[in-house]
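The values are calculated or read from the model by the stated rules, or taken from the named source; none is laboratory data. The shown structure was predicted, so the numbers you read here are calculated from the model rather than taken from an experiment. Every residue, glycine as well, gets a Cβ built from its backbone with ideal geometry; the counts of neighbours run over all protein chains shown. Calculation scope for accessible area: heavy atoms of the full protein, side chains included, ligands and nucleic acids excluded. Shrake-Rupley method; radii C 1.70, N 1.55, O 1.52, S 1.80 Å.
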Amino acid sequence: MSTESIKMNNWHESARSFRVATWLGWQIESNWTEPFLFMIYAIARPVASALILVFMYMVIAQGGMGHPLFAYIYLGNAFYIYVASVMIGISWTVTDDREHYGILKYIYAAPIQVYFYLLGRGVAKTLTATVAVVITLAFGMLVLRIPYDFLAMNHALFWATFFLGLGALALMGILLAGVALITARHSGFIGEAVAGALYLFCGAVFPLDVLPQPLQYIGLSLPLTYWLEGLRRAVLRESISPLLAPISNEIILVILLGATLVLGLASLGFYRWCEHRAKEKGLIDMQTMY
Amino acid sequence: MKNFRRDLNIFLRTVRGRSYPRLIGMQREKSWIFFDTFLPLLATTAYVFIYRALNAPPEFTGFVVLGGAMTAYWLNVLWSMATQLYWEKETGNLSLYLIAPTSRMAILLGMALGGMAATTLRAVTVLLLGSLLFDVTFSVENWGALLLVFVLTLVALYGLGMIFASLFLLWGREAWHLAQLFQEPVFLISGFYFPVRNLGFWVSIGASIIPITFGLDAMRQLLYPQAQWGFLDVNIEIAVLALLSVLFLVLAHRMLLWMETLARREGRLTVRGQ
Amino acid sequence: MSQRFAIQTEGLGRVYQLKRKRGETAPKTLVALEGVDSEVKQGELFGLLGPNGAGKTTLIKILTTLLLPTSGRALVDGIDIVQDPQEVRRRINMVSGGETCGYGLLTVEENLWMFTQFYGLTDRVARERINEMLEVVGLSDRRKTKSHFLSTGMKQKMNFARGFLNDPQILFLDEPTLGLDVQTSRVLRDFVKRWVRERPGKTLLLTTHYMAEADELCDRVAIIDKGKILACDTPANLKRRLQRASIFKLQTTPLEMSNRFSDLPGVSKFIEHQRNGHTELNFILENENVLVKILDAVQAGGGHLLSLEKREPTLEDVFIDLVGRGFGDEETPLEVEK
Ligand SMILES: Nc1ncnc2c1ncn2[C@@H]1O[C@H](COP(=O)(O)OP(=O)(O)O)[C@@H](O)[C@H]1O
Ligand SMILES: [Mg+2]
C-alpha cells in the first residue's frame with residue numbers, strides 16, 4: 001500500500017470512529033425509559049446550581065436581579081455547564097466503558113481510533129448540555145428577569161468564540177481521558193472535579209479581579225477565561241472586568257484559536273503516552289472499584 | 001444466647017471485613033488526594049470568592065468552607081453508598097454476599113463506616129486548608145453539642161444512603177442518573193453555600209429530610225454563636241437529627257429485607273446488565 | 001451416618017416473568033425448571049448435566065437461596081430453603097465458573113479474608129484455610145498480588161478457593177471449569193474429588209455441560225434438559241442403557257440427502273454435523289447389521305467414506321438417546337485431553 005492510501009485509510013478510520021461513537025454516545029445518553037425523567041434531569045441540575053448563585057447573591061446583595069454584576073455571574077455560570085458536561089462526557093467514557101460496560105478492551109481491539117471515538121462520545125453530551133444551557137438562560141430571562149438580549153448581541157464574536165471554546169473543551173476532555181485511563185475509579189468524576197476547580201480560576205462566577213494576584217495569572221493562562229469573556233462581551237456588549245477589558249475582541253479570538261491548536265497537539269501526544277503506559281501496566285481492562 | 005453471640009460475631013466481623021476495602025483502597029490508590037481533596041477545595045474556594053465579589057460579611061467564608069467540607073460526605077453517600085449495591089451486582093459480588101449467613105445491614109454498615117472514615121480525612125483536609133487559606137476563625141462555645149450534631153448528621157446521612165442503596169438497586173442503570181439528579185439540587189436545598197433559612201420556612205422544613213440540612217445549620221450556629229443566620233433552635237435541630245437517625249436506620253433495614261425478598265422472587269436482581 | 005438427604009426437591013419449578021416489550025399486552029413467561037424431584041445423599045458428588053439454558057443455574061440459585069421457586073419444595077441439609085434461608089446459608093457455599101469475586105484493589109489474600117469474615121471465621125482459622133486453598137489452586141505465590149493484576153483464569157481460581165473457605169457441608173459448583181485451561185481444570189477436578197472422598201459427610205453438587213467431567217467426577221448424574229430431569233443414575237448405569245446398542249461415528253465427503261438415514265429401520269438415533277469440509281454422522285443402532293444399509297445409503301448419496309469408528313457409549317450418547325439431539329457444536333476441551 002502506498003503512503004497516500006494509508007493516509008486515506010487512517011482518515012476513513014478516524015471519521016468512522018467518530019461517527020460510531022457519536023451514535024453510541026447518543027444511544028447511551030438517550031437511554032431513558034422515561035422521557036419525563038430525562039426532562040427533569042436536564043433541567044434540575046443546571047437550574048439548581050444557578051439557583052445556588054441566585055440565593056448567594058440575594059442573601060448578600062439584597063438588591064434586584066437587574067444589576068450588571070448579576071447578569072455577568074449568571075451568564076458565566078450558564079455557559080460553564082458545557083465545561084463539566086463535555087469534559088465529563090469524554091473522560092468518563094474511559095471509566096464507564098472500562099469498568100461498567102467492560103468494553104474498553106474491545107474498543108482497543110477494534111480497528112477504531114480511540115482518540116476520535118472519545119471525541120464522538122462527547123458529542124452527545126454536548127447536545128444535552130446545550131438543552132441545559134438554553135433552559136438555564138431562559139429561566140434567567142423569564143423568571144429572574146435578567147435583561148439579556150440575544151438578538152442584539154455581537155453574533156460574529158459570539159459564534160466564533162462559542163465554537164472555538166467547545167473545541168478546546170473537547171480536547172481538554174481528551175487530556176482527562178488520558179488521566180482516567182491510568183488512574184483508578186474514585187467516587188467522583190475526574191471531569192467534574194477538574195471542572196469544579198477551573199470554576200475558580202476562569203472567572204466563571206465573579207470577575208477575575210477578585211482573585212489574589214497569583215491566581216489571576218493562572219486565570220489569564222486558561223483558554224476558558226477568554227472563552228467566557230468573549231461570550232459575555234458578545235451578549236452583554238461590555239466587559240465588567242478591568243483586568244480583561246484592555247484585551248480586544250480580535251486578540252481574544254486569536255488566543256482561543258492558538259489554545260485550541262496547542263491543546264490539539266498536546267492531547268494527541270498526552271493521550272498516546274497514557275495509552276502506552278496503560279498497556280504497559282495492563283490497565284486497559286482493570287476493575288478498581290472498592 | 002449462644003446464637004446471639006454467634007450472630008453478633010458474624011455481624012461485627014462482616015462490618016470489619018466490608019469496611020476494609022474502603023480503608024485500604026484509599027491508601028492503595030493515592031490519586032484520590034488530588035481528585036477528591038485538592039480539586040473540591042478549589043471548587044469551594046470559588047464560592048468563597050463569589051462572596052468576596054459581593055462584599056459579604058466574613059462569617060460567610062466560614063459557612064462556605066464548612067459546606068465545602070460536608071460536600072465530601074454527600075458525594076460519598078451518593079456515589080459510594082447509594083450506587084454501591086448496584087455496582088456489587090454488576091461485578092457479581094452481590095450474590096456472594098447474599099448467600100453468606102450474615103446480616104445485609106452489616107455489609108452496608110461496613111461500607112458506610114469505611115467510607116465515612118475515608119471521607120472524614122477529605123473533609124478535615126478541606127476544612128483545615130480552607131480555614132488556613134481564608135483566615136476563618138470559629139468561636140465554639142459548646143464542643144459537646146457540635147460533636148453530637150456532627151455524629152448524628154453522619155448516622156442519619158449514611159442511613160439515608162443505605163435506603164438509597166436498596167432503591168437504586170431496584171432501579172438499575174437509571175440509578176446512575178438519579179444519583180446525578182440528586183447531587184446539585186441537594187447542594188441547593190440543604191444550604192451548602194448559604195444559610196438555609198433564606199429558602200423560606202417551608203422549603204427549609206422540606207429540605208430537612210436530608211440530614212445535612214439541619215446538620216449544617218446547627219453546626220453553623222454552634223460555630224458562630226453570635227451570628228443570626230440560624231433556621232431553628234439548635235436543640236430542635238438536634239432532636240430532628242436524632243429522630244432521622246433512628247428512622248432511616250430502621251427504614252434501611254426494612255428496605256433491605258424487602259429488596260432481598262423481591263430479588264429472590266423476581267430473580268432479576270442477581271442478573272447483570274440491567 | 002444417618003441416611004439423611006443433603007438435598008431433596010419435590011416438584012420444584014421456576015417460571016420467570018419476562019419483561020414486556022412495547023406493544024405486547026400479555027406478560028410473557030419462561031419455564032426454566034419444571035417438576036424437579038431429586039434426592040442427593042450425604043457424602044455424594046452429584047452432577048447435573050445439561051446443555052446451555054437447561055436450567056442448571058436456576059436450580060443452583062434456588063438451592064443457594066438466591067431465588068425463590070414458583071412451585072414445589074426444596075430442602076438443603078433438611079432445612080427448607082424458603083422457610084429458613086439463613087440456616088441454609090450457614091451450611092453452604094457456591095462457586096460459579098467464569099466469575100471472580102471481591103475487589104480489584106485488594107490482594108488475593110485480602111479478598112479471600114474479607115469473605116471469611118462474612119462467615120464469622122476468626123483470623124487464625126481464616127489464615128489457615130486461605131493458605132491451604134491457595135496451595136490447592138496454585139496461587140500461593142500470588143497471595144500479595146492485587147486481584148486486578150491477575151489473569152482471568154487466576155481470578156477464577158481465587159473465586160474457586162473462596163467457595164471452600166467456610167468449610168461448607170454442601171458445596172454448589174456451577175460449571176466450575178468453564179473457560180479454564182486443561183491443566184487447571186484437571187487440578188480443580190482432582191481436588192473436588194478428594195474433598196468429597198476424604199471428608200465424610202461433605203456433599204457436592206456440580207453442574208456442567210462437559211460430558212467427560214460429569215462422567216469422571218460424579219457418583220450420580222442427573223441429565224437435565226429444558227428444565228426437566230430426564231434421567232438420574234450413576235454414569236455407568238446410564239451408559240448401560242445403551243449397552244445393547246451399537247454406536248458408530250462416520251466421516252464422509254459432504255453429503256446432501258442425509259435425512260433418509262433416520263428412516264432406515266434399525267436406526268434409533270442419528271445426528272449429523274458439518275465439519276470443515278466433511279460430514280460427520282453419529283448413529284445409535286439397534287444392532288450392527290444396520291451398518292451395511294447405512295454404508296449403501298452413503299454411496300447412493302454420492303458420498304465417500306473417510307473414516308468409520310465404533311465407540312463405547314458416552315454420556316453424550318445417553319443424552320442423544322434421551323433427547324434426540326446433541327449438545328451442540330461448542331466445546332469440548334476435555335476431549336482434547338483424552
Ligand atoms: N433472571 C432470568 N429472567 C428470565 N429468564 C431467565 C433468567 N435466568 C435464566 N433465565 C432463562 O432460564 C433458562 C434456564 O437458564 P439457566 O438456569 O441459566 O440455564 P443453564 O445454567 O443450564 O445454562 C434459560 O432459557 C434462560 O434464558
Ligand atoms: Mg448456567
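Key figures for this structure:
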item: Computed log₁₀ I(q)/I(0) - Debye formula, equal Cα scatterers, no solvent, segment A:3-281, q 0.09, 0.15 Å⁻¹; result: -0.45, -1.18
item: Cα Rg, Dmax (largest Cα-Cα span) when computed across segment C:244-312, Å; result: 10.9, 33
item: At 1.002 mPa s and 20 °C, Stokes diffusion of segment A:147-290 via Kirkwood alpha-carbon radius, µm² per second; result: 127 µm²/s
item: Scaled radius of gyration (Cα, divided by 2.2 N^0.38 Å) that segment A:213-290 gives; result: 1.61
item: Rounded to 5, percent antiparallel among DSSP beta bridges of the protein assembly as shown; result: 70 percent
item: Accessible surface buried upon B-A contact (total; probe 1.4 Å; Å², nearest 100); result: 4700 Å²
item: Average Cα contact separation per residue, chain A, under 8 Å, 6 or more apart, as relative contact order %; result: 27 percent
item: Normalised per residue, the volume of the convex hull around the Cα set of segment C:15-165 (Å³); result: 166 Å³
item: Total accessible area lost when A and C pair, probe 1.4 Å, Å² to nearest 100; result: 500 Å²
item: Distant alpha-carbon pairs in segment B:84-241 (separation over 21 angstrom), percent; result: 55 percent
item: Under 9 Å, Cβ to Cβ, from residue C:42 - net charge with Lys/Arg +1 and Asp/Glu -1; result: +1
item: Relative contact order of segment C:244-312, defined on C-alpha pairs under 8 angstrom at six or more residues apart (%); result: 48 percent
item: Subset of A:105/A:281; C:157/C:202; C:239/C:269 violating a 19 Å alpha-carbon distance limit; result: C:157/C:202
item: P(r), alpha carbons of segment B:2-266 - 5 Å bins starting at zero, rounded %; result: 1, 6, 12, 17, 18, 16, 12, 9, 5, 3, 1, 0, 0, 0
item: Between helix A:190-201 and chain A: long-axis angle, C-alpha atoms, 0 to 90°, nearest 10; result: 30 degrees
item: Choice from B:101, B:211, B:40 showing the highest fluctuation, given a GNM over chain B with Cα pairs closer than 10 Å; result: B:101
item: Chain A: angle of helix A:155-182 to the longest principal axis, Cα-based, in degrees nearest 10; result: 50 degrees
item: Diffusion coefficient, µm² s⁻¹, Stokes-Einstein with Kirkwood Rh over alpha-carbon pairs of chain C at 37 °C and 0.692 mPa s; result: 148 µm²/s
item: Helix A:3-29 axis, angle to chain A major axis (alpha carbon atoms, nearest 10°); result: 60 degrees
item: Cα coordinate range in segment C:120-216, projected on the principal axes (Å, largest first); result: 37, 32, 18
item: Rounded to 5, percent antiparallel among DSSP beta bridges of chain C; result: 70 percent
item: Average accessible area per residue (Å²) across chain B - probe 1.4 Å, nucleic acids and ligands excluded; result: 37 Å²
item: Whole-number D in µm² s⁻¹ for segment B:194-261, Kirkwood Cα-pair radius fed into Stokes-Einstein, 10 °C, 1.306 mPa s; result: 122 µm²/s
item: C versus B: buried accessible surface, summed, Å² (probe 1.4 Å, to nearest 100); result: 3300 Å²
item: Enclosed volume per residue, in Å³, of the convex hull spanned by Cα atoms of segment A:87-173; result: 109 Å³
item: Taking chain C and dividing mean pair separation by its residue count, relative contact order in percent (alpha carbons under 8 Å, at least six apart); result: 18 percent
item: Sulfur and carbon atoms: percent of accessible area, the protein assembly as shown [1.4 Å]; result: 60 percent
item: Average accessible surface area per residue within segment A:3-281, 1.4 Å rolling probe, Å²; result: 41 Å²
item: Positive dipole terminus of segment C:36-155, leading residue within C:57, C:46, C:149 (C-beta point charges); result: C:149
item: Against the rule of thumb 2.2 N^0.38 Å, how large the Cα Rg of the protein assembly as shown comes out; result: 1.12
item: Kyte-Doolittle mean at least -1.0, axial Cα span of 20 Å or more - DSSP H helices of chain C; result: C:123-137, C:182-198
item: Spread of Cα-to-Cα distances over 10 Å intervals beginning at zero, given as percent, for segment C:152-296; result: 9, 28, 27, 20, 12, 3, 0
item: Sum of -39500 (n - 2.57) over DSSP H runs of 4+, divided by residues of chain A (222 nm, nearest 500); result: -25000 deg cm²/dmol
item: Residue-normalised accessible area of segment C:244-312, given per residue in Å² at a 1.4 Å probe; result: 57 Å²
